[in-house]
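Engineer: Quick one: the structure is below, questions incoming.
The values are calculated or read from the model by the stated rules, or taken from the named source; none is laboratory data. Keep in mind that what you see is a predicted model, and the values were worked out from it rather than measured. Every residue, glycine as well, gets a Cβ built from its backbone with ideal geometry; the counts of neighbours run over all protein chains shown.
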Amino acid sequence: MNGDLRRAGPDTIFATDSFDFIAPGAVRFGIGRVSELGQEASRLGRSVLLVSGAPESAESAAVESLTGSGLRVSVFRVSSEPSVPAVMEAVRLAKESDCDAAAGIGGGSAMDCAKAAAALAVHPADPLDYLEVVGRGRPLERPGLPVIAVPTTAGTGAEATFNAVLHSPEHRVKVSLRSPTMMPRVAIVDPGLTLSCPPPVTAASGLDALTQLIEPFTCVRPQALVDGLCREGMRRAAASLRRAFEDGRDITARLDMSIAALFSGMALANARLGAVHGIAAPLGGLTSAPHGAACARLLPETMAVNIRLLRKGRDAAGSLERYTETARILTGDPSAEAEAGTEWARGLVESFRIPRLSAWGLSPSDFPAVAEKAGRANSMKGNPVSLGPEEITEILTRAL
């Protein structure tokens, strides 16, 4: 959004800008709806690139649905967060197989790889022409292959975003390929696919979703439509993330978390993020930390630093009030103060045994490089207060 409605008193309303809202062309939500993948894909093309990071059973269900609708299927498997070279391998397969549509099934890595491959398949230039930070950041000139996104985890919300986060091994950083034309044509969200998600992945992905709900809600320029998604998503995550972690077969908890993740994707696609994601991006390039685990460890420490600075008078956009509301949603206590939300998040991270950042190879000697790259990250622009190297180092020290 370009602005936010603020009231200074009963008779004074500050000006607000208009806003846009972008979302998948259609969302198909419900248990068993992965079976509709072939039907949806047949409306988009005849030969499908299926990027899969899914368990064998989910991948088989996807292939069966696609082939059952008379479609040709070329499977490209990803086992880790996508790199630029991996995406270009997927592009090569798509071109060799004459694919005219793409689908991603799995976690955020598979869906991001599918979105990136679909976009670059119709753009002959070097991918660095279009990448942010390490490339030239040129806009994608034309729509890519149409994409269907099918999450098997409840976390990244990549089924509802128009960017793909890619690792550039050459530059040791994660960067984004971004364009509104990359928004999936259809998101098929089947909570049944998350039932086999192991507890560590449930925890890290769920905390990633929670971060993507808290940051747009408390960012420097929130968006009215996103606010409702964030409030409902936080409420569902607070009620069900621990339950999904403790009992993966709890279908009600899995439903709640799939909704929370979907809403988090819509939120980050339409409002800004903050320092958690600003710091997590360079961490992902410098260390082996998975994105969800990094965000989980950074979340309570970033909240603590932000709230302290807001209380010192840096609050120009009402973000402290929003942190207070966040705390009351998360704790269920209508009288909770902002700091209670920080403690609630920290308690969840500890109980889930999320590894500290040092476990992924981060050391204090890396702090200057992380702080410098984080300071230039696009996500940092949405943080409710400006953070310099000293504050970023404090957050890293707390999470180490």
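Engineer: Go through 322, 328, 346 for me and flag whichever is in contact with a Phe, Trp or Tyr (Cβ under 8 Å, 6 or more places away or on another chain), assigned by TED's automatic domain parsing to the domain that holds residue 217 and not hydrophobic (A, V, I, L, M, F, W, C).
Structural biologist: Numbers: 328 fails: in contact with a Phe, Trp or Tyr (Cβ under 8 Å, 6 or more places away or on another chain); 346 fails: in contact with a Phe, Trp or Tyr (Cβ under 8 Å, 6 or more places away or on another chain).
Unique residue meeting the criteria: 322.
Engineer: Scan the stretch 40-60 for residues that are in a helix (DSSP H, G or I) and either more than 25 Å from the chain's Cα centre (by Cα) or not assigned by TED's automatic domain parsing to the domain that holds residue 147 (or both) and jot them down.
Structural biologist: 60
Engineer: Let me ask something else about it. List every residue pair whose Cβ atoms lie under 7 Å apart, where the two residues are 6 or more positions apart in sequence or sit on different chains, the first residue falls within the stretch 214-235 and is outside the structural domain of residue 340 (by TED's automatic domain parsing), and the second residue, located anywhere, is at pLDDT 95 or above.
Structural biologist: none
Engineer: Find the helices (runs of 4 or more DSSP H) located wholly in the stretch 272-356 whose residues include 2 or more that are surrounded by 24 or more Cβ atoms within 10 Å (Cβ to Cβ) and at pLDDT below 95, and list them. First the steps, then the outcome.
Structural biologist: Numbers: elements: 275-286, 291-309, 319-331, 338-351.
The helices (runs of 4 or more DSSP H) meeting that bar are 275-286, 291-309.
Engineer: Any chance you could count how many residues in the stretch 186-210 are surrounded by fewer than 21 Cβ atoms within 10 Å (Cβ to Cβ) and within 23 Å of residue 40 (Cα to Cα)?
Structural biologist: Residues that pass the stated criteria total 1.
Engineer: Follow-up. Could you please find all residues in the stretch 151-186 being in a strand (DSSP E or B) and in contact with a helix residue (DSSP H, G or I) (Cβ under 6 Å, 6 or more places away or on another chain)?
Structural biologist: At the first step, the residues of the stretch 151-186 found to be in a strand (DSSP E or B) are 151, 163-168, 173-178, 186.
Hits for the stretch 151-186 are 151, 164, 165, 166, 168, 173, 174, 177, 186.
Engineer: Follow-up question, since we're still on this one. For residues in the stretch 211-228 being at pLDDT below 95 and not hydrophobic (A, V, I, L, M, F, W, C), which is surrounded by the most Cβ atoms within 10 Å (Cβ to Cβ)?
Structural biologist: Checked the stretch 211-228; the qualifying residue surrounded by the most Cβ atoms within 10 Å (Cβ to Cβ) is 222.
Engineer: Then there is this: Give the residue that is farthest from the chain's Cα centre (by Cα), with candidates limited to residues of the stretch 72-102 that are within 18 Å of residue 285 (Cα to Cα) and of a type in the set (Gly, Ala, Ser). First the steps, then the outcome.
Structural biologist: Keep residues of the stretch 72-102 that are within 18 Å of residue 285 (Cα to Cα), which gives 78-87.
Still in the running and of a type in the set (Gly, Ala, Ser): 79-80, 83, 86.
Working: 79: 18, 80: 16, 83: 17, 86: 20 Å.
Going through the qualifying residues, I end up with 86.
Engineer: State all residues of the stretch 211-239 that are more than 18 Å from residue 256 (Cα to Cα) and charged (D, E, K, R); if no residue qualifies, say none.
Structural biologist: 215, 221
Engineer: Regarding residue 382, is this residue in contact (Cβ under 8 Å) with a residue 40 or more places away in the chain and on the phi > 0 side of the Ramachandran plot? Reasoning before the result, please.
Structural biologist: Details: in contact (Cβ under 8 Å) with a residue 40 or more places away in the chain: yes; on the phi > 0 side of the Ramachandran plot: no.
No: the conditions fail for residue 382.
Engineer: What number goes with the only condition from (1) in a loop (DSSP other than H, G, I, E, B); (2) within 16 Å of residue 82 (Cβ to Cβ); (3) not polar (S, T, N, Q) that residue 124 does not pass?
Structural biologist: Looking at each condition in turn, residue 124 falls short on (2).
Engineer: Restricted to the stretch 187-221, and to residues that are within 17 Å of the chain's Cα centre (by Cα) and not in a helix (DSSP H, G or I), which residue is farthest from residue 277 (Cα to Cα)?
Structural biologist: Looking at the filtered set, the residue picked out is 188.
Engineer: Quick one: which residue in 63, 73, 91 is under 30 Å from residue 289 (Cβ atoms), in contact (Cβ under 8 Å) with a residue 12 or more places away in the chain and either of a type in the set (Val, Ile, Thr) or not in a helix (DSSP H, G or I) (or both)? Steps first, please.
Structural biologist: On the way: 63 fails: under 30 Å from residue 289 (Cβ atoms); 73 fails: under 30 Å from residue 289 (Cβ atoms).
From the options 63, 73, 91, the qualifying one is 91.
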